[in-house]
Amino acid sequence: MYALADCNNFYVSCEKVFNPSLNGKPVIVLSNNDGCVVSRSNEAKALGIKMGEPAFKIVDLVEKNNVAVFSSNYVLYGDMSQRVMNTLATFTPDIEIYSIDEAFLKLHTLKNINFLDYAYKIRNTIKRYTGIPISIGLAMTKTLAKVANHIAKKNPKYNGVYIIDSEEKRIEALKSIEIADIWGIGRQYSRFLERYKVKTGYDFTMLPPNWVKQKMTVVGLRTQKELSGIPCIDLEYEVPRKKAICTSRSFANMVSDLNTIEEAISYFASSCAYKLRKEESVAQLLMVFIRTNFFRKDLEQYASVRTITLPVPTNSSIEIVSYALYALKSIYKPGYEYKKAGVIVSGISPDTQVQTSLFDDIDRNKHNNLMKTMDMINNKYGKNTIRLAALGCGRRLKMRQEKISPFYTTRWEDIITVKV
DNA sequence: TCTGGGGTCCTAGGACCC
DNA sequence: TCTGGGGTCCTAGGACCC
């Protein structure tokens, strides 16, 4: 038996935990730069505010209905997520943390328990320990557990828990769910399937498997089997090493001069290097991209990307920043208004397995020691307390974050940093 | 004026090997 | 007139997830 535990309106729920006056009110959380709506309370959903809607399009609606608006506070949400996951892990060792607000649990090792009772117990404990409301769906495959979770969320009468534990319930559940709401069926496939009169999850399970495989690859076939009750996707117990790491941002205001973009790229590159070190990985490939604002049809558009193969795989900020700046200079063109830029590293391997080069003239031990010391200091005194000069003083490219909530759960250093 | 960020997997096709 | 068979690796593009 698989269970999917999913936090309700997660970011909004995090804000509510520390600000109970928000209860019963429409609340939304915005993406970086206060761009789009990424989390909504039930009251906000009832007002018709859509997921992903640009904030500027709903200004009137927000004002008229007194909607509480927050910039996203990922430090807070990350910390709350950890609390939820730690509590979930006390119920079974078989847990896969699937995203910031979701986890799959496998309950097969627990003998002689009533799954439904157990799920309610989990739900109540999470609420009591963390203040976060969750929904739980149970079924014999992960994809069906997702369906069960969907039903638990949509129907208040189930009190946040639903189980598919019979053939009748499986068919009933699949008939009630739209094809677009199935895990693994996105926008393109649901549109495509609707052309073949496939409207519900049930319709999808009735298609010939060969046809599904031909049109939707083995991935689609797996989804179909899982919906039929045949498990194809097991729990992932260990977090696999990342194959690519990316840091990118949109700029609050468009930027055209090279100096400012250099500072941004330096910041993104050193952030990628830091993430690599945290994973104990090194990267051999580096990509830098820049682009103008696609939404501004009135302005001239330009987008470019440059990939560089590093001579020796590395996670040194010094090396990665300098190659990133080199790549940037090769694609930067003056005269455009740039809106977004980023750095991606890939070709990743463990930092214990570096293929060195005969002609390498870098003292890698020295770099490693320096990076270790830098990380230690920054972990203690706050991000970028010590940084490469190329990053500048970081004032020129501030994100728009007008409605950020306090860092309720983390170290005082973070709070001080924000006030500064 | 204002439109997020960070990932994964699969397939087809081309280049290459013996 | 006729021109093999069996592989690997890499990349771009397209789908998906939160």
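Things to note:
- Note on the stretch A:266-290: residues that are buried (at least 19 other Cβ atoms within 10 Å of the Cβ) and either more than 21 Å from A:Val239 (Cα to Cα) or free of Cβ contacts under 8 Å to residues at least 12 places away in the same chain (or both) total 9.
- Filtering the stretch A:17-40 to residues that are assigned to a loop (DSSP other than H, G, I, E, B) and touching a residue at least 12 places away in the same chain (Cβ under 8 Å) leaves A:Phe18, A:Asn19, A:Gly24, A:Lys25, A:Pro26, A:Ser31, A:Gly35.
- Pair list, Cβ < 7 Å and 6+ apart or interchain, from the stretch A:232-261 residues that are among the acidic types (Asp, Glu) to residues that are in a strand (DSSP E or B) and within 16 Å of DNA strand C (Cβ to nearest atom): A:Glu236/A:Glu96
- Within the stretch A:60-78, the set of residues being free of Cβ contacts under 8 Å to residues at least 60 places away in the same chain, under 13 Å from A:Ser39 (Cα atoms) and more than 14 Å from the chain's Cα centre (by Cα) comprises A:Val67, A:Ala68.
- Cβ pairs under 8 Å, 6+ apart, first in the stretch A:187-199 and among the β-branched types (Val, Ile, Thr), second surrounded by 14 or more Cβ atoms within 10 Å (Cβ to Cβ) and modelled with pLDDT of 95 or more: A:Val198/A:Ile179; A:Val198/A:Phe204; A:Val198/A:Leu207
- The residues on offer are A:Leu76, A:Leu138, and the sole one that is outside any helix (DSSP H, G or I), away from DNA strand C (no atom under 16 Å from the Cβ) and closer than 30 Å to A:Pro240 by Cα is A:Leu138.
- Taken over the stretch A:161-210, the residue count meeting the criterion of being β-branched (Val, Ile, Thr) and more than 24 Å from A:Asp6 (Cβ to Cβ) is 1.
- The set of residues in the stretch A:107-135 being free of Cβ contacts under 8 Å to residues at least 12 places away in the same chain and not in a helix (DSSP H, G or I) consists of A:Lys111, A:Asn112, A:Ile113, A:Asn114.
- Only one of the numbered conditions (1) part of a strand (DSSP E or B); (2) within 16 Å of DNA strand C (Cβ to nearest atom) is not met by A:Phe294, and that is (1).
- Pick from the stretch A:229-265, criterion among the aliphatic types (A, V, I, L, M) and surrounded by 18 or more Cβ atoms within 10 Å (Cβ to Cβ), ranking: nearest to DNA strand B (Cβ to nearest atom): A:Ile245
The values are calculated or read from the model by the stated rules, or taken from the named source; none is laboratory data. Since the structure is predicted, the reported quantities are computational estimates derived from the model, not experimental observations. Backbone-built Cβ (ideal geometry, glycine too); neighbour counts: all protein chains shown.
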